[in-house]
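Each reported figure results from applying straightforward, stated rules to the coordinates on display, with no laboratory input. Quantities reported herein were computed from a predicted structural model and do not represent experimental measurements. All Cβ positions, glycine included, derive from the backbone under ideal geometry; neighbour counts span all protein chains shown.
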Amino acid sequence: MLRQVQTQKLLQKLSPQQIQLMKLLQLPTIALEQRIKEEIEMNPALEEGAETDDEANTDLEEENYDDAPKDEEHQRDDFSISDYMDDDEGLSYKLKANNISPDEERKEIPFSVGVSFQDMLESQLGLKDLDDREYQIADYLIGNLDDDGYLRRDLLSIVDDIAFSQNINTTEAELEKLLKVIQEFDPAGVGARDLRECLLIQLHRKSPRTPIVELATQIVDKQMDEFSKKHYDKISKKLEIDEETLKDVIHEILKLNPRPGNSMADGQKSFQQVIADFTIINEDGELTLTLNSRNAPDLRVSKVYSAMLEEYSKEKNKNGKEASVFVKQKLDGAKWFIDAIQQRSQTLLYTMNAIMEYQREYFMEGDETKLRPMILKDIAEKVGLDISTISRVANSKYVQTSFGTLLLKSFFSESLSTDSGEDVSTREVKKILKDCIEAESKKKPLTDDKLTKMLKEKGYNIARRTIAKYREQLDIPVARLRKEL
C-alpha cells in the first residue's frame, strides 16, 4: 500500500567551489601548472600576471570601447552569444591583446627528437636479406617487444594475430626462425623470451671464448635456478671448481645486461622532474619555511571582460541579456578559481608549518632517528582541518631541505614502544634495521632471527615477522639472496 510520509534529513553537501579546492589541493606543482593553463584556455576571463592599473588602461584602449564609432552602435543589436562561443578567430581578435615588447626575451620550450627503440631495430631489419613477407612478419615481431627488449608473448598467439591483422598465414617454426634473426641485432639479448635466453645470447657473442665464459654459459644454461637462488655450494660441486673460479664466473654473468631494451631507450625515455612544493632552510638554528612561488602564480580577472559585462548589462534586448549572463559566468568562474588557488596556498603553508614544528628536531639535523611518530590525525588536530584534507596536502608533495628533497608523506609513521616505554617512529626502527644490514658480512648475512635479537638488544622489542615486513618495505631481500662470495 502506497503512503505519503514526511521525513527530515540532515545532509552535508559540498559546493562546486569546495570540490574545486579539494581537487587542487592534491595536485603537485607540475600538475598545478598544467591545470592553470587548462583553466586559462577554457576561461578567457582568467589571465596570468599581477593586476596593475596601467595594464587595465592599456587593455581598454586597445579594445576601443569608449571610442567606438557611432555608426557601428547599431551592430550591437545583431550580437549573438555564438560570436564568442563558436568563432575561434573572433575570440582571438576580440579578447586577446598582444602586449609583448620587441625587446622582450622569448623563451621557447625545447623538445627532443630521437630514434625510438623500435625504429632502431627496424633499421637493422632493413639490412637483412628478407623478402617482403618475411620482413612484414619480422616487423610485427619487433612491434611485440616490450620496453626491456623481451618477447613475452607466446608464438602461437602471435601466429593467430598475424593471420587476423596482417592476413598472413605463418607457423611457429617460421616465427622461431625470424626471431633468431632479430636476436642477432644490437644490443645483444634483444628478442629473448626470458632472462635465461637473454643472458645466453649475450654469452654466445662473447669473444674470445675463455674458460670463464664457457663456465658462465654452462651455469646460465643448466643451473640458472641454483644461480638465481644463490646456491653457490651446489654449483661449485657440480662443476668441480673452487671458490675463486666461481667468483670470476659470477662476476662475468653479473656484467651482462638483463634488460637490453633499456640501453637503447634510455635517451628517449622521459623522466619526471621532482619540483619541491616547500623549502625549509636552517639559518643559525631557526627554521624558515617558504612555499614554491609556482604554487601561487599571479592570476587576475580580465578587465576586458569586466568592461564587457558593464556594456551588455545596459542593453535591454535578448542578445544583450544572453551576453551578460555568459560574461558573468566567466567572470565568476575566474574569481572562484583565483580564490581556490589562494586558499590552496594558505592550506599548504599551514599544514607544512605544523609538520615542520612537529618534526623540528629532524629538520634541524636530518637524523632519521629524531623523527617522531606522526599520523594524519596529529596534524589535522593542530591545524583544525579534516584528516582527508591533510591527506590531500601530503599526497605527491615534496619538501626541499639541506639534506635532500623528500616526499611529504614519508614523514608520517606509526609508533612503537621501546623497553623503556618510550614511543619511537617506525622510520627510526627501519633506519636502524637498514644500518645493521649494511654493516653485515656479505659472506654470512644476518638472518631475520639474528636481526630481531640485535634490535631487542638495542631496546626495540619487535617480532621477527615485523622485521621481515620492514625488510620487504625497504626492498631488501632475504639473507640467502644477500650472500656474496
field: Coarse-grained scattering of region 226-375 at q = 0.10, 0.17, 0.19 Å⁻¹, given as base-10 log I(q)/I(0) from a Debye sum over alpha-carbon atoms
entry: -0.78, -1.00, -1.11
field: Efficiency of FRET from Cβ geometry, K453 and K9, R₀ 56 Å, rounded to 0.05
entry: 0.45
query: In debye to the nearest 20, how big a dipole does region 325-401 give about its Cα centre with +1 on each Lys and Arg Cβ and -1 on each Asp and Glu Cβ?
result: 440
message: Can you give me the convex hull volume of the Cα atoms of region 415-482, divided per residue and expressed in Å³?
response: 74
statement: Both in Å, the radius of gyration and Dmax of the C-alpha trace of region 117-185 are 11.2, 28
- prompt: Quick one: length gained pulling D160 to D378 fully straight, 0.36 nm per residue minus the C-alpha distance?
  reply: 72.6 nm
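Quick one: which of K397/K442; K238/K431; K180/K222; K328/K382 span more than 30 angstrom between C-alpha atoms?
Among K397/K442; K238/K431; K180/K222; K328/K382, the Cα-Cα distance tops 30 Å for K397/K442; K238/K431; K328/K382.
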- prompt: What percent of all Cα-Cα pairs in region 186-267 falls in each 10 Å bin, counting up from 0?
  reply: 18, 50, 26, 6, 0
task: Sorted from largest down, give the three principal axis spans of the alpha carbons of region 279-364, whole angstrom values.
output: 68, 18, 14
If the convex hull is drawn through the Cα atoms of region 325-463, its volume per residue in Å³: 157
- prompt: How would you rank D284, D221, going from fewest to most other Cβ atoms within 10 Å of each one's own Cβ?
  reply: D284, D221
Exposure proxy ranking, count of Cβ atoms within 10 Å, fewest first, for C198, C436: C436, C198
message: Let me spell out the model: positive unit charges on the Cβ of Lys and Arg, negative unit charges on the Cβ of Asp and Glu, origin at the Cα centre of region 238-385. What dipole size does that give, in debye rounded to 20?
response: 1580
- prompt: Restricting attention to region 328-436, which GluC sites (Glu not before Pro) occupy a DSSP loop and are surrounded by at most 14 other Cβ atoms within 10 Å?
  reply: E414, E422
task: Among the chymotrypsin sites (Phe, Trp or Tyr not before Pro) in region 388-485, which ones are in a DSSP loop with at most 16 other Cβ atoms within 10 Å of the Cβ? Mind listing them?
output: F403
task: Would you kindly calculate the translational diffusion coefficient of region 108-267, applying Stokes-Einstein with the Kirkwood radius from alpha carbon pairs, for 20 °C and a viscosity of 1.002 mPa s, and quote it in µm² s⁻¹ without decimals?
output: 122
